[in-house]
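*Asks:* The structure that follows is given in the form of C-alpha cells.
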Amino acid sequence: MILRSVFALVLLVGILSPASESLRFELQSGQTKCIAEDIKSNSMTVGKYHVVKPNEDHPLPDSHKLTVKVTSSHGNSFHSAEKVESGQFAFTAAEQGDYIACFWAVEHTPQITVTVDFDWRTGFHTKDWTNVAKKGQVHSMELELKNLFDTVQSIHEEMLYLREREEEMQELNKATTSKMFWLSFLSLFLCLSVAGIQFWHLKSFFEKKKLI
Amino acid sequence: MEKTRGGMWALMCFLLLNWLSNVSSLSVTVTDVECVYEYVLYQGDTISGNFVVVDHDIFWSSDHPGIDFIVTSPGGNTVHSLKGTSGDKFEFQAPRSGMYKFCFHNAYSTPETVAFHIHIGHIPSEHDLAKDEHLNPINVKIAKLREALESVTAEQKYLKARDTRHRHTNESTRKRVIGYTVGEYLMLVAASLLQVFYIRRLFSKSVAYNRV
C-alpha cells in the first residue's frame, strides 16, 4: 500500500467480533485512509462501501471515485477495486489478526472532499443483512429476539476473552517484577566486582611501580 | 446512516422504529483533528459512547496531556465536550435529528491513537405506539432490552480499550526500566575504567614523579 498523502491517517478498529460499524468519513484528493479490524479466526466478515453523492441527480464524476484494497496483516489481498463508486466484499478470516481496508481518492488539482460511507460487520452481525423479515410481525419479533440472544452470547465470549487478556497482562507484570528482582542482585554483584577488580588492578600496578 | 431496505413501507417504518440505530467502534490516530459523522434519526435519541487514548511509545518525554472531544449538532452548536482527558464515557440526549459530528482534537504534535465507540439508541415511546398500529408494547420492551445489552457491549469495548492502553504502558515501562538498568551498569563499568585509566596516568613515568 502506498500512502501518498502527508495526512495519511490510520484507522484501527481495536474491537474483536462481534463488531459492526457504519461510519462516514471524508477523504481529500490524494489522501489515504485505512481502517483495520481485529478479526477472530473462522469468522465471516462483510463490508459495503459507497461514495456519498454531492449531487443526487448527476452521475458521479471521475474525480470522486475511490480505489479500495482489503488485505490481511500478512499481505494477502482479499478485495481490490480501482476507481469505483461503490462495492462490497466478503470473506472468512482464516486466522486471527488485523485486516486492513484502505481507501484512496484519486489525485485532483482543486482539492475536493470525497465522503465515503463504509459499513463493516464481522461475526454474527453479518446475519443482519441477509435476514429481513418479510412475513408479519411475529417473525420479525422472533428475529429480534434471536438477535438479542446472539448479542448475549457474544458478550459472554468477549468477557472470556477479556479475562484471558487480563491474565496475560498479569503474567507480564509478574515476569517484569521477577526480572527486576534478579537485576538488582546482578547490580549488587556487578558493583562489588567492579570495585574488587579496580582495587586488585591498582594494587598490582602500584606494587609493580614499587610504590607500596 | 439511513438503513434503506427495499420492500413494504409499513414494514420499513416498523423496522426503523425498532431497529438498533448506529453503532460504530474504531480507533483513529489523531495528529490534529479527526472527525466522524453519524446520522441521528430521531430527536431525543440517546447518544452514548466512550473513548480511550491508547498511548504511543513514549521514551523520554512525560505523558501526553490528553485530547479534546467535541460533539457538534447539525445546527453547528457544541452539544458535548470533554477537554484534556485520556479517556472517558459520555451519554446525552440528541436535541434534534440530523448529522452529528464527533471530533477529536490533539493540541500537541505527537500523534495519539484514540479507540472509541459511539452508539445511537432509540426506544419507541408511547407517542410512537399510538401513531403506528404495527407497534406492539412488547417491541418497546425488546428495544429497552436491546439498549441494555448494547450498554454492556459498550462497557466491554471500553474495558478492552483500557486494557490495551494498560498493556502498552506496561510494556513500555518494562522496556524502559530494563534499558535504563543496563545503561546504568554500562555507565558504572565505564566510570570505573576511566578511574583506573586516570590513576594509571597519574603514576606513569612521563609525568614527574614528585607531582603526586
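*Asks:* Is it the case that B:I118 is touching a strand residue (DSSP E or B) at 6+ places or on another chain (Cβ under 8 Å), within 9 Å of chain A (Cβ to nearest Cβ) and under 30 Å from A:F149 (Cβ atoms)?
*Replies:* Answer is yes for this residue.
*Asks:* Check A:I197, A:I155 and return the single one that is at pLDDT 85 or above, under 30 Å from B:C35 (Cβ atoms) and facing another protein chain (nearest Cβ under 10 Å).
*Replies:* A:I155
*Asks:* Being within 14 Å of chain B (Cβ to nearest Cβ), within 21 Å of the chain's Cα centre (by Cα) and at pLDDT 75 or above: is that true of A:K69 here?
*Replies:* no
*Asks:* Going by the conditions given, is B:E171 assigned to a helix (DSSP H, G or I), in contact with a Ser or Thr (Cβ under 8 Å, 6 or more places away or on another chain) and among the charged types (D, E, K, R)?
*Replies:* no
*Asks:* Residue by residue through region A:169-190, note down the ones that are more than 7 Å from chain B (Cβ to nearest Cβ) and within 15 Å of B:V189 (Cβ to Cβ).
*Replies:* Listed by number, the residues that qualify are A:L186, A:L188, A:F189.
*Asks:* Also, I was wondering about something else. Under 8 Å between Cβ atoms, at least 6 apart or on separate chains: pull out the pairs that start in region B:97-115 with a residue that is within 11 Å of B:I70 (Cβ to Cβ) and end on any residue that is exposed (fewer than 15 other Cβ atoms within 10 Å of the Cβ).
*Replies:* Between residues of region B:97-115 that are within 11 Å of B:I70 (Cβ to Cβ) and residues that are exposed (fewer than 15 other Cβ atoms within 10 Å of the Cβ), the close pairs are B:C103/B:V33; B:F104/B:V33; B:H105/B:D32; B:H105/B:V33.
*Asks:* Go through region A:31-78 and give me each residue that's of a type in the set (A, V, I, L, M, F, W, C) and assigned to a strand (DSSP E or B).
*Replies:* The answer is A:C34, A:I35, A:A36, A:I39, A:M44, A:V46, A:V51, A:L66, A:V68, A:V70, A:F78.
*Asks:* Regarding region B:121-141, can at least one residue be identified that is within 19 Å of B:Y39 (Cα to Cα) and within 12 Å of chain A (Cβ to nearest Cβ)?
*Replies:* no
*Asks:* Are there any strands (runs of 3 or more DSSP E) wholly within region B:64-115 with 3 or more residues that are away from every other protein chain (no Cβ under 14 Å) and within 12 Å of the chain's Cα centre (by Cα), and if so which?
*Replies:* The strands (runs of 3 or more DSSP E) meeting that bar are B:67-72, B:87-93.
*Asks:* So which residues in region B:179-205 are over 29 Å from A:K179 (Cβ atoms), assigned to a helix (DSSP H, G or I), touching a helix residue (DSSP H, G or I) at 6+ places or on another chain (Cβ under 9 Å) and not basic (K, R), if there are any at all?
*Replies:* Once the filter is applied, which keeps residues that are over 29 Å from A:K179 (Cβ atoms), assigned to a helix (DSSP H, G or I), touching a helix residue (DSSP H, G or I) at 6+ places or on another chain (Cβ under 9 Å) and not basic (K, R), region B:179-205 yields B:Q195, B:V196, B:I199, B:L202.
*Asks:* Give the number of residues within region A:79-124 that are farther than 26 Å from A:S43 by Cβ and charged (D, E, K, R).
*Replies:* 4
The values are calculated or read from the model by the stated rules, or taken from the named source; none is laboratory data. Everything numeric here is computed off the predicted structure, so don't read it as measured data. Cβ coordinates were reconstructed from backbone atoms using ideal geometry, including for glycine residues, and neighbour counts include every protein chain displayed.
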